[in-house]
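To keep things clear, I will list the structure first and then write my remarks on it.
The values are calculated or read from the model by the stated rules, or taken from the named source; none is laboratory data. Model, not experiment: these values are computed from the prediction. Heads up, the Cβs are rebuilt from the backbone with ideal geometry, glycines too, and the neighbour counts pull from every protein chain shown.
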Amino acid sequence: MRKSFDGLYTLTRQELNQDPLSGHLFVFINRRATQMKVLYWDRTGFCLWAKRLEQGRFLTDWRQASIREMDWTGLKLMLEGIEPGRVRKRYRRPFAAMPMG
């Protein structure tokens, strides 16, 4: 997950054989499935979103991971901790409330 704009642009072009300027969102997840980066073009330049989980993983089984198209709802569910196609949260217990003060 050390790649930034140029590295992810190159991956999208060469490995995925896709056009990064198409307006699609391209999602990259690290091997431990604890970090995600989303690259997209917004007509004025590239945007890069990043999310790192403090607990749990984006994917529970890499064998089911593949290069595929996903709609916005599927991406939003994944960002919220719900794997599309599975009804399961990525963590087992809720976060402990942190004391204020």
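Within the stretch 12-34, track down each residue that is over 15 Å from the mean Cα position of the chain (by Cα) and surrounded by 14 or more Cβ atoms within 10 Å (Cβ to Cβ). Steps first, answer last, please.
Restricting attention to the stretch 12-34, the residues satisfying the condition of being over 15 Å from the mean Cα position of the chain (by Cα) are 13-23.
Once the filter is applied, which keeps residues that are over 15 Å from the mean Cα position of the chain (by Cα) and surrounded by 14 or more Cβ atoms within 10 Å (Cβ to Cβ), the stretch 12-34 yields 18, 20.
In this structure, is residue 50 out of contact with any Phe, Trp or Tyr (no Cβ under 7 Å at 6 or more places or on another chain) and small (Gly, Ala, Ser)? Spell out the reasoning first.
On the way: out of contact with any Phe, Trp or Tyr (no Cβ under 7 Å at 6 or more places or on another chain): yes; small (Gly, Ala, Ser): yes.
Taking the combined requirement at face value, the residue satisfies it.
Looking only at residues in the stretch 36-47 that are closer than 15 Å to residue 75 by Cβ and not hydroxyl-bearing (Ser, Thr, Tyr), which one is surrounded by the most Cβ atoms within 10 Å (Cβ to Cβ)? Quick ask: steps written out before the conclusion?
The initial filter retains those residues of the stretch 36-47 that are closer than 15 Å to residue 75 by Cβ, namely 36-40, 47.
Retained after the next criterion (residues that are not hydroxyl-bearing (Ser, Thr, Tyr)): 36-39, 47.
On the way: 36: 20, 37: 19, 38: 16, 39: 22, 47: 12.
Looking at the filtered set, the residue picked out is 39.
Which residue pairs have Cβ atoms under 7 Å apart, sit 6 or more places apart or on different chains, and have a first residue in the stretch 68-84 that is under 19 Å from residue 34 (Cα atoms) and at pLDDT 80 or above and a second that is aliphatic (A, V, I, L, M) and surrounded by 10 or more Cβ atoms within 10 Å (Cβ to Cβ)?
Listed by first residue and then by second, the contacts come to 75/25; 75/27.
Filter the stretch 1-35 for residues that are closer than 20 Å to residue 76 by Cβ and either modelled with pLDDT of 95 or more or of a type in the set (A, V, I, L, M, F, W, C) (or both) and give the result.
Of everything in the stretch 1-35, those that are closer than 20 Å to residue 76 by Cβ and either modelled with pLDDT of 95 or more or of a type in the set (A, V, I, L, M, F, W, C) (or both) turn out to be 25, 26, 27, 28, 29, 33.
Taking the stated definitions as given, is residue 18 without any contact (Cβ under 8 Å) to a residue 12 or more places away in the chain and among the polar types (S, T, N, Q)? Spell out how you get there, then give the answer.
Values: without any contact (Cβ under 8 Å) to a residue 12 or more places away in the chain: yes; among the polar types (S, T, N, Q): yes.
So residue 18 fits the description; yes.
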